[in-house]
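Shown next, in structure tokens, is the structure this report addresses.
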């Protein structure tokens, strides 16, 4: 079905990033770390808020969403 009018246009995209310390050092055999990065993305469309999250990413991804991907999605159908 071809939809020509957006039924739920994206109004807002909010990102937040948190660094959570681990109880003790963790490792996967190639890298060791003492904290975990958690990123949360909220998308608001048609009066509803969707929530997504990413673990084990880098805080720089928030800038990618805020500066590049987010502006491209505003107005698009959720």
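The values are calculated or read from the model by the stated rules, or taken from the named source; none is laboratory data. This structure is a prediction, so every number in the text was calculated from the model and none was measured. When we count neighbours, we look across all protein chains shown, and the Cβ atoms used for this are built from the backbone with ideal geometry, even at glycine.
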Members of the stretch 29-48 that are surrounded by 12 or more Cβ atoms within 10 Å (Cβ to Cβ) and not in a strand (DSSP E or B): 46
Only one of 51, 73 that is exposed (fewer than 10 other Cβ atoms within 10 Å of the Cβ) and at pLDDT 90 or above: 51
Selection status of residue 64, at pLDDT below 95, surrounded by 12 or more Cβ atoms within 10 Å (Cβ to Cβ), under 11 Å from the mean Cα position of the chain (by Cα) and closer than 30 Å to residue 21 by Cα: yes
Some residue of the stretch 66-78 being assigned to a strand (DSSP E or B), touching a strand residue (DSSP E or B) at 6+ places or on another chain (Cβ under 8 Å) and touching a residue at least 40 places away in the same chain (Cβ under 8 Å): yes
Condition met for residue 20 (under 17 Å from the mean Cα position of the chain (by Cα) and surrounded by 11 or more Cβ atoms within 10 Å (Cβ to Cβ)): no
For residue 26: the one exception among (1) modelled with pLDDT of 95 or more; (2) surrounded by fewer than 13 Cβ atoms within 10 Å (Cβ to Cβ); (3) in a strand (DSSP E or B): (1)
